[in-house]
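Read the figures in this text as sums done on the coordinates, not as results from a lab. These numbers were taken from a predicted model, which means no experiment stands behind them. Cβ coordinates were reconstructed from backbone atoms using ideal geometry, including for glycine residues, and neighbour counts include every protein chain displayed.
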Amino acid sequence: MTLIAFLMLGYEIFSSYFFKAPQSAEESRTQKVEKKEERKEAKVPTLMLGTTREKKGEGKVYSFEFGNFHVEISSVGGRIVKFVDKTFGFDLITEAERKLKVFPLEVYTGDPDLDQEINFGTYEVKREGNRLILTLKDDRIRLKKVLEFKDFLFKVSVESDIEKGLYILVGTHPFERAFYTHEGPVMKINGEVVRIDLDDVTGKHTYEGRIEFAGEESRYFFKGFKGNIRSVVVDGVSYRPEGEEGERKITFTYVEYSEPLTLYMGAKYYSRLREIGLQDLLDWGMLKIFVKPLFIFMYWVFEHTGSWILSIVILTLILRIIFFPLNYKSTTSMMKLQEAAPRLEKIRKKYKDDPVKMQEEIMKLYSEIGFNPMSGCLPILVQIPIFFALYKVLIITVDLKLSGMLWIPSLADKDPFYILPVVMGLTMILQQKITPSPDAKQNLIMYISAVAFTFLLANFPSGLVLYWTVNNVLNIGQNYLIKNVILKKKQ
């Protein structure tokens with residue numbers, strides 16, 4: 001079990017650094033063509049940083065409550081300056097956006113003078129039922145943004161007499177602990193979900209194609225647009241966070257506007273995303289073939305029981321049942337080796353100066369007692385993809401943030417008192433005591449690794465620690481059943 005856990009951690013770290021979201025040849029070619037058009041038409045949006053933007057205030061700020069969201073709109077630019085998902089108390093407008101004075105719903109034409117009037121001009125802000133109407137007070141330009149709220153999203157339309165193509169700013173990705181998940185621009189283009197690594201963006205990149213959604217994501221949250229989007233622009237920017245040395249790379253994403261779009265800002269609830277066709281926002285990772293079915297099953301259990309704890313326990317129990325034949329073979333094989341431990345020790349002492357002969361005699365002994373050295377590894381090797389997939393499921397599920405257990409307020413966060421990691425470590429030690437290795441050194445290594453792994457998992461999400469604890473407990477019960485019930489009946 002310890003080997004599996006380390007492999008899972010290593011897999012996530014390795015994949016997060018070396019398996020970045022690839023871009024197809026068609027996408028790459030599209031970017032190059034679009035860049036030529038940008039130079040020719042000069043219509044690409046520009047943030048106008050380093051100009052008068054940073055000196056502009058927010059003017060009058062209007063506060064509104066829509067369902068489970070608190071929204072604040074600035075009269076300067078008619079922009080969203082605060083957007084709080086009240087369930088989590090999480091503001092999707094970031095520190096970087098406030099510092100740079102760059103906010104969602106800014107509108108760009110590619111003409112810096114016109115864009116300055118649109119985004120720094122004064123807007124009339126009024127509410128009519130579930131609609132917000134933001135009208136630019138400028139006799140030379142007619143521009144109106146309408147946001148209509150329904151359930152948990154907004155329908156956004158822009159009315160204007162501007163002939164140039166319009167881009168609407170999404171903003172940058174929400175700031176939270178990534179935990180080896182993607183943060184930054186994400187879009188579904190030509191049927192493929194593309195996640196762009198922050199380090200891969202230098203300057204502006206334009207994407208064209210059949211774009212179904214585009215925006216900025218973090219581990220648990222997303223802000224962006226869904227609809228028939230013609231093109232998306234991703235702009236890489238550096239900024240210096242308050243109280244930190246050095247600069248941080250962030251991106252700002254714009255979508256081209258041609259017809260009313262759906263704006264979704266909030267947590268990546270699967271139930272919501274499924275309803276509006278955004279379920280592909282969930283980052284299934286490289287092992288999608290395993291991750292997605294596991295997630296759907298666990299979510300089905302959660303929807304029918306209302307408990308993620310039960311979902312984790314039931315899945316772990318089912319996996320134990322499925323792999324019981326392999327574990328039975330492994331346990332019985334290890335018991336044979338334990339019985340032959342004295343003979344094995346004699347061979348090692350007798351041929352300590354002849355390693356080749358020692359290995360030959362050991363293999364003869366294995367054959368005589370019916371022990372297969374691979375039998376202990378096979379259950380682990382077969383289950384590794386499943387464990388990788390389950391690990392991924394547990395770190396992308398936002399519902400876990402709202403699911404607690406006894407003294408633990410959230411299964412998505414670490415145990416504040418470190419009780420569960422200690423219990424997990426004790427179950428690993430107990431598991432080793434029940435099925436010890438004939439090699440004393442190997443046993444010592446396993447005990448040390450159990451302690452080390454307890455410290456390693458102390459800051460992991462409690463849902464992961466709960467899974468490993470339950471799995472250890474079930475493994476202990478399974479070994480007891482094999483040794484004291486099944487094998488005794490056969491004697």
Trypsin sites (Lys or Arg not before Pro) in region 237-270 lying in a DSSP loop, each with at most 10 other Cβ atoms within 10 Å of its Cβ, come to none
Reduced to Cα centres, the span from region 381-419 to region 122-185 in Å works out to 35 Å
Between the Cα axis of helix 324-339 and the main Cα principal axis of the chain, the angle (0 to 90°, nearest 10) is 40 degrees
Where a ≥ b ≥ c are root eigenvalues of the Cα gyration tensor, a/c under 1.5 meaning rounded, otherwise prolate if a/b exceeds b/c and oblate otherwise, region 211-272 counts as oblate
Filtered hits (lysines, Cα-Cα < 28 Å from Lys392, offset >= 8 within chain) -> Lys20, Lys86, Lys188, Lys223, Lys226, Lys249, Lys268, Lys288, Lys292, Lys401, Lys414
Given GluC sites (Glu not before Pro), DSSP loops and at most 12 other Cβ atoms within 10 Å, the longest exposed-site-free stretch of the chain is 248-491
Whole-Å distance linking the alpha carbon centroid of region 325-363 with that of region 442-475 is 28 Å
Among [x] 21, 57, 21, 1, 0; [y] 22, 48, 24, 6, 0; [z] 20, 43, 24, 11, 2, 0, the value of P(r) over Cα pairs in 20 Å bins from 0, in percent computed for this structure carries the label [z]
Relative to the chain, whose Cα atoms define the longest principal axis, helix 341-350 and its Cα axis are tilted in degrees, nearest 10, by 80 degrees
Taking region 22-284, the equivalent ellipsoid from its C-alpha gyration tensor has semi-axes in Å, biggest first, of 25, 22, 19
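Where does the chain land at 222 nm, in deg cm²/dmol rounded to the nearest 500, when only DSSP H runs of n ≥ 4 count, each adding -39500 (n - 2.57), divided by all residues?
Counting only the DSSP helices, I get -13500 deg cm²/dmol.
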Given a Förster distance of 41 Å, the FRET efficiency implied by the Cβ-Cβ spacing of Ile429 and Glu244, rounded to the nearest 0.05, works out to 0.50
With Cα coordinates, the longest principal axis of the chain makes an angle with the long axis of helix 308-322, in degrees rounded to 10, of 40 degrees
Any lysines whose Cα falls less than 20 Å from that of Lys126, other than same-chain ones fewer than 8 residues away, would be Lys60, Lys82, Lys137, Lys144, Lys145, Lys150, Lys155
Per the C-alpha gyration tensor (a ≥ b ≥ c, the square roots of its eigenvalues), region 128-226 is rounded if a/c is under 1.5, else prolate if a/b beats b/c, else oblate; here it's prolate
Within the chain, excluding any chymotrypsin sites (Phe, Trp or Tyr not before Pro) found in a DSSP loop (not H, G, I, E or B) and having at most 13 other Cβ atoms within 10 Å, the longest uninterrupted segment runs 20-406
